[in-house]
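S.K.: What follows is a single structure, and I will ask about it in a moment.
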Protein chains: 2
Amino acid sequence: MSQDGIDLPTSLGYLLKEASSALRAAMEEVLRPLDMSVTHYSCLELLAQRPGLSNSELARGAFVTRQTMNVLLQALERDGYVTRPAAAPVGKALPTRLTPRGRRSLEKASAAVRSVELKMLAGMTDAEQAAAFQALQSMITSLRTG
Amino acid sequence: MSQDGIDLPTSLGYLLKEASSALRAAMEEVLRPLDMSVTHYSCLELLAQRPGLSNSELARGAFVTRQTMNVLLQALERDGYVTRPAAAPVGKALPTRLTPRGRRSLEKASAAVRSVELKMLAGMTDAEQAAAFQALQSMITSLRTG
DNA sequence: CAAGGTATGTCAGGATACTGACATGAGTCA
DNA sequence: TGACTCATGTCAGTATCCTGACATACCTTG
């Protein structure tokens with residue numbers, strides 16, 4: 001109606017939110033049988049790829065606050081999925097690592113999430129995926145600068 | 001390290017989450033001075049474009065549950081931003097409409113959000129934007145089916 | 001007409017994430 | 001050295017959103 005307003009359904013921002021919401025819902029669905037939340041999985045996956053990450057670094061990687069990640073890490077540590085040294089080797093940062101149990105737990109989750117990612121990419125050519133990749137990165141950098 | 005795991009930083013799913021997170025943060029930043037949350041703004045924008053939407057329809061459009069949208073609508077109605085009839089004209093759905101006050105409130109917010117959207121799109125050609133649009137829609141439909 | 005299925009609005013309780021705040025450790029700079 | 005800035009881990013309180021549940025209203029289908 002008005003040319004002033006953003007046309008929601010055709011706005012890239014809206015579409016981005018919709019896609020992210022759909023992805024999150026799909027991930028929650030496949031992770032629920034494993035009693036694992038998306039943040040939970042993100043934390044484990046990050047640790048598998050970059051062992052020794054600190055609480056704050058994990059928080060940034062999972063897009064939550066370091067307070068939120070801290071309570072998650074405490075639960076994961078209590079249940080034996082990760083380990084943290086009692087004292088910080090340098091500074092205050094406590095390098096976190098997966099235990100064998102954590103690694104086992106991640107395996108199933110990783111397979112489940114991979115199936116979601118494959119479903120999401122189904123119907124897109126490699127060129128389209130590359131274009132989407134580049135577009136998303138451009139959006140991120142544009143939003144962060146300034 | 002392992003070929004089994006998804007390489008997070010290069011995964012489209014991760015990038016999607018990162019972009020969505022950055023967009024949400026940018027929107028929250030410009031909406032905070034107006035004492036408006038993203039869901040709050042989404043609700044008003046939806047009503048401006050499609051007057052008469054019901055609570056459940058608004059919830060789907062803003063990607064929250066209808067319970068969440070309901071408490072928001074109650075607050076908006078109490079503060080005079082929207083109106084809902086006391087009785088449903090048909091079924092149980094209560095068609096919601098913006099008041100002049102709601103429309104005024106939306107104007108500033110819409111301008112602020114538009115600036116964020118423009119910033120996000122800066123550095124992308126029209127062709128790249130079109131490609132991103134198509135890619136996101138493809139992901140959404142793929143995730144929903146099956 | 002009766003019965004099942006679907007969609008809606010709403011209430012209550014609980015889970016999740018956030019903001020605010022504090023103390024501590026490391027680096028910078030005059 | 002001392003003051004300053006920044007990043008980190010952690011505690012407490014709050015906000016936000018969700019799941020579960022219920023009653024109601026429409027719409028099929030036999």
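The values are calculated or read from the model by the stated rules, or taken from the named source; none is laboratory data. In this text, all values refer to a predicted model and were calculated from it rather than measured experimentally. Methodologically, a virtual Cβ is constructed for each residue, glycine included, from the backbone with ideal geometry; neighbour enumeration extends over all protein chains shown. The area values use the complete protein model at the heavy-atom level, side chains included, leaving out ligands, DNA and RNA. Shrake-Rupley method; radii C 1.70, N 1.55, O 1.52, S 1.80 Å.
S.K.: Residues to consider are B:Thr10, B:Thr39; find the one that is more than 9 Å from DNA strand C (Cβ to nearest atom), within 14 Å of chain A (Cβ to nearest Cβ) and at pLDDT below 95.
M.R.: B:Thr10
S.K.: Could you list, in sequence order, all residues of the range B:126-146 that are open to solvent by 60 Å² or more (accessible area, probe 1.4 Å) and either among the aromatic types (Phe, Trp, Tyr) or at the interface with chain A (Cβ under 7 Å from one of its Cβ atoms) (or both)?
M.R.: Hits for the range B:126-146 are B:Glu128, B:Gln137, B:Arg144, B:Gly146.
S.K.: If you don't mind, another one. Just to check your reading of the model, which residue among B:Arg101, B:Arg24, B:Arg32 is within 14 Å of DNA strand D (Cβ to nearest atom) and at pLDDT 95 or above? Lay out the reasoning, then the answer.
M.R.: On the way: B:Arg101 fails: within 14 Å of DNA strand D (Cβ to nearest atom); B:Arg32 fails: at pLDDT 95 or above.
Only one candidate passes the filter, namely B:Arg24.
S.K.: Show the residue pairs that are 6+ apart or on different chains and have beta-carbon atoms under 7 Å apart, the first residue being within the range B:56-85 and more than 9 Å from DNA strand D (Cβ to nearest atom), the second being assigned to a helix (DSSP H, G or I) and open to solvent by 50 Å² or more (accessible area, probe 1.4 Å).
M.R.: Once the first residue is more than 9 Å from DNA strand D (Cβ to nearest atom) and sits in the range B:56-85, its partners that are assigned to a helix (DSSP H, G or I) and open to solvent by 50 Å² or more (accessible area, probe 1.4 Å) give B:Ser56/B:Arg66; B:Gly80/B:Arg101; B:Tyr81/B:Arg101; B:Thr83/B:Glu77; B:Arg84/B:Glu77.
S.K.: Is it true that some residue in the range A:102-125 is within 14 Å of chain B (Cβ to nearest Cβ), in a loop (DSSP other than H, G, I, E, B) and open to solvent by less than 70 Å² (accessible area, probe 1.4 Å)?
M.R.: Yes.
S.K.: Considering only residues that are under 19 Å from the mean Cα position of the chain (by Cα) and exposed (fewer than 15 other Cβ atoms within 10 Å of the Cβ), which ones fall in the range B:74-96?
M.R.: Within the range B:74-96, B:Gln74, B:Ala75 qualify.
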